[in-house]
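Below is one structure; the comments refer to it alone.
What follows draws every value from the coordinates through simple rules; no lab data is involved. If you're wondering where the values come from, they're calculated on a predicted model, not measured in any experiment. Please note: Cβ atoms are built from the backbone with ideal geometry, for glycine as well, and neighbour counts cover all protein chains shown.
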Amino acid sequence: MNYETICALATPNGVGALGIIRVSGNEALGIVNRCFEGKNITEVASHTVHYGFIKDGDEQIDEVMVSVFRAPKTFTTENSVEISFHGSPHIARKILEVLMKNGARMAKAGEFTMRAFMNGRIDLSQAEAIADVIASENEASRKVALNQLKGGISNEISVLRGDLLNFTSLIELELDFAEEDVEFADRTAMNMLLNRLEEKLNALMESFQYGNAIKNGVDVAIIGKPNAGKSTLLNALLKEERAIVSDIAGTTRDTIEEILHIKGTAFRFIDTAGIRETTDAIEAIGVQRAKEKIATAKILLYLYDEWDATPEEVIGFVKEFWREDLKVILLHNKIDLSKSNENEFDQILSNALIPEFTTTIIPISAKVQTGIETLKKELSSYVENLKTDESTVITNQRHFEALQKSLQSVRNVKTALTQSFHTELLAYELRYALEHLGEISGEFTNDEVLGNIFSKFCIGK
Ligand code: GDP
């Protein structure tokens, strides 16, 4: 395709041993060659590296290595050059300037990857996976992102989508012969395919809980009466880990979160900075504040102190807040003060709460740090238990939503089929299903979706 030639810094904008500038487009080789002192790179073989200088007119800017990649076997499928220079932001600017003087323009955010997608080198889910690989902070998210980069989710769906496309063609053909009342498409086989699709889509959707946890972390609410030991517990949990305090943009006020990594998963204790005023909530500010905190959490840690609580109170609390998708862990704190291990209090709790309300009770002492390891194990087992048998893990909200829509439309096709709707209606539902199934890989997409995806990339990606 006849795109303009773009250039951008691909490495972080700061001082480093080396920096890399990427150039891509029809004129990439010619443009770089005009500012390169060394071999004539318009004549060198593809996938070769050359030593020389980048110059601005007669003035040498830096000593560099230039890698030449000729279309179509390149990331963007276009002619591409990578210039490795000494990693100074000033040199980076100078080189970009001289490239632009010679006919390149600055790349927009995500434009290299967008071209790879537009030119059919990768599909949309793979383009998104590139961002995920770069953003991955632990083993689990790296593995999942890499699998997606290799086409994991698209492969899973594209075969089934292909089969559905075949059926659709036959159904459309039937429409052409509407007068003659013929059936080209085998309805039984089609139904079987729809069942397989439904099963696959369900399985992929189920994997999202795990995918979301490893990619985005797990929100944990710590709730308890004043002096139950919440701050002490948090300090004990974060003891070995440096607490990461970050401002989250887009909230009406800055929210502070403290993150604890356990076995590669980020557990986010939200709002802990304000924990004294806010989650002393239950009494001081009231149930509303606690409710808000718990509403967005996946795990609830409820601390109690047997000298300042009754089993009925704790039971009442759990009953009020318990929901299917919330893991409730009751932390019996200050056990260092307990006289015996046989705890009547917890016995009453277990009898009342299990099995109807699936909760776990862990006796701890936040102060002398007993039971903290057990608690950490319990937190990480929460994530382990989300794993499904599915080898492809969905981590992307857009994919999840496309799967949801696909599932709904596959069900509509099934209804149309089993209830012998008019062939035209069946064809209509089939087209919808194909469209939704094609959304993940980007076979069906629109500028708004693309703009949204690529604008989140940084420049040079
Ligand atoms: P918060 O109001 O829930 O955040 O409670 P704090 O963490 O501030 O603790 C209140 C008081 O209880 C402090 O004096 C803590 O030292 C004490 N405390 C917290 N955990 C324990 C524990 O496990 N054992 C004992 N003996 N005291 C504790």
- Roughly how many whole Å is it from the C-alpha centroid of region 402-451 to that of region 135-173? 16 Å
- Message: I need the shape label for region 84-154. Rule: rounded when a/c is under 1.5, else prolate if a/b > b/c, else oblate, with a, b, c from the alpha carbon gyration tensor.
- Response: oblate
- Note on the structure: Along the dipole axis of the chain (charges at Cβ: +1 for Lys and Arg, -1 for Asp and Glu; origin at the Cα centre), the most positive-end residue among VAL413, LEU194, MET118 is MET118
- Under the 7 Å Cα-to-Cβ spin-label approximation, VAL159 and ASP336 lie apart by a distance in nanometres of 5.8 nm
- Note on the structure: Among LYS293/LYS405; LYS387/LYS414; LYS230/LYS291, the pairs whose Cα-Cα distance exceeds 22 Å are LYS293/LYS405; LYS387/LYS414
- Item | Rounded to 10°, Cα long-axis angle of helix 152-176 versus longest principal axis of the chain | 70 degrees
- Query: For region 314-461, what is Rg from Cα atoms divided by 2.2 N^0.38 Å, rounded to two decimals?
  - Reply: 1.70
- Task: DSSP loop (so not H, G, I, E, B), at most 14 other Cβ within 10 Å: list which trypsin sites (Lys or Arg not before Pro) in region 38-94 pass both filters.
- Result: LYS73
- Virtual spin-label span in nm between LEU175 and ASN216, 7 Å along Cα→Cβ: 3.7 nm
- Message: What are the extents of the Cα atoms of region 178-243 along their three principal axes, in Å, largest first?
- Response: 80, 26, 17
- Task: For an R0 of 35 angstrom, estimate the FRET efficiency from the Cβ-Cβ distance between ASN202 and ASN227 and round to the nearest 0.05.
- Result: 0.15
- Query: What dipole magnitude, in Debye to the nearest 20, does region 42-176 give about its Cα centre under +1 on Lys/Arg Cβ and -1 on Asp/Glu Cβ?
  - Reply: 320 debye
- Item | As computed over the chain, the Cα convex hull volume per residue (Å³) | 191 Å³
- Message: As I understand it, the dipole of the chain uses +1 on the Cβ of Lys and Arg and -1 on the Cβ of Asp and Glu, about the Cα centre. Which of SER84, ILE262, SER207 lies farthest toward its positive end?
- Response: SER84
- Going residue by residue through region 209-218, the Karplus relation 6.51 cos²θ - 1.76 cosθ + 1.60 with θ = phi - 60° gives ³J(HN,Hα) values, rounded to whole Hz and with x marking Gly or Pro, of 4, 5, x, 5, 5, 6, 7, 9, x, 10
- Query: When DSSP beta bridges are limited to those with both residues in the chain, what percentage is antiparallel, rounded to the nearest 5?
  - Reply: 65 percent
- To two decimal places, what compactness ratio does region 1-147 give when its Cα radius of gyration is scaled by 2.2 N^0.38 Å? 1.06
- Message: Could you work out how much longer the chain between GLU59 and ARG411 gets when fully extended? Use 0.36 nm per residue separation minus the Cα distance between them, nm to one decimal.
- Response: 120.0 nm
- Between SER350 and HIS422, the two model label points (7 Å from Cα along the beta-carbon direction) sit apart by a distance in nm of 6.5 nm
- Message: I want to make sure I understand the PRE zone here: with the label point 7 angstrom from the Cα of GLU320 toward its beta carbon, which residues in region 195-231 have backbone N atoms less than 19 Å away?
- Response: 221-230
- Query: Where does each of 303-314, 225-236, 442-453 land if you order them by average Cβ count within 10 Å, highest first?
  - Reply: 225-236, 303-314, 442-453
- Message: I want to verify the translational diffusion coefficient of region 326-408 in µm²/s; compute it with Stokes-Einstein, Rh as the Kirkwood radius over Cα pairs, at 10 °C and 1.306 mPa s.
- Response: 100 µm²/s
- Query: What number, rounded to the nearest 500 deg cm²/dmol, is the helix-based mean residue ellipticity at 222 nm of the chain, given -39500 (n - 2.57) per DSSP H run of at least four residues and division by all its residues?
  - Reply: -14500 deg cm²/dmol
- Histogram of C-alpha separations across region 156-212, 10 Å bin width, %: 22, 39, 23, 11, 4, 0
- For the chain, give the magnitude of the charge dipole about the Cα centre (Cβ charges: +1 Lys/Arg, -1 Asp/Glu; no others), in debye to the nearest 20. 1480 debye
- Note on the structure: Most exposed first, judged by fewest Cβ atoms within 10 angstrom, SER409, SER84 run SER84, SER409
- Largest-first principal axis extents, alpha carbons of region 1-64, Å: 35, 25, 24
